[in-house]
Amino acid sequence: QVQLVDSGGGLVQAGGSLRLSCAYSGRPLSTFNMGWFRQGPGKEREFVATISSGGNGVTYADSVKGRFAISRDNAKNTAYLQMNSLKPEDTAVYYCAAGLFFGTKRAEDYRYWGQGTQVTISS
């Protein structure tokens, strides 16, 4: 059974940085596309970023492009979301996810999900 545990959330001031981690276990994990989604107060879950199983293909939502960076280290069974120049609008619960469809922005296409980690940005 594949399991994902996301962590690294917290409270930071606008303009600051934060790195989220997603530790995954089970087999075979190297075949999975990894993604990050978020759900802010009063909003629907939205796509943030995705990275291919080999780490070469990445896609970002327009709202985070240039500020966030997704990466993965398959040897460490971990995916990351580096968040820079954070804004109050980035406040949300962030979820990592794993699926079999390359480059997808659809939450429905991801099979496994982390429990979520809260990110709060103060103005």
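The values are calculated or read from the model by the stated rules, or taken from the named source; none is laboratory data. Treat the numbers as computed from the prediction; the structure is a model and nothing was measured. Quick reminder, even Gly has a Cβ in these numbers, built from the backbone with ideal geometry, and neighbours come from all protein chains shown. What goes into the accessible areas is simple: the full protein's heavy atoms, side chains included, and nothing from ligands, DNA or RNA. Shrake-Rupley method; radii C 1.70, N 1.55, O 1.52, S 1.80 Å.
The largest accessible area among Asp90, Asp62, Asp109 belongs to the first residue in Asp62, Asp109, Asp90, and the rest follow in falling order (1.4 Å probe, all chains). Ligands, DNA and RNA left out, the accessible area of the chain computed with a 1.4 Å probe is 47% carbon and sulfur. Residues with beta-carbon under 14 Å from that of Pro88, excluding Pro88: net charge, scoring Lys, Arg +1 and Asp, Glu -1? That works out to +2. Here Cα extents along the principal axes in Å was computed from the coordinates, and among [x] 42, 25, 24; [y] 49, 24, 24; [z] 41, 28, 27 the match is [x]. Shown for the chain: lysine pairs separated by 8 or more places, or found on different chains, whose C-alpha atoms are under 21 Å apart, numbering 5. Summing Cβ point charges (Lys, Arg +1; Asp, Glu -1) relative to the Cα centre of the chain gives a dipole of roughly 160 debye.
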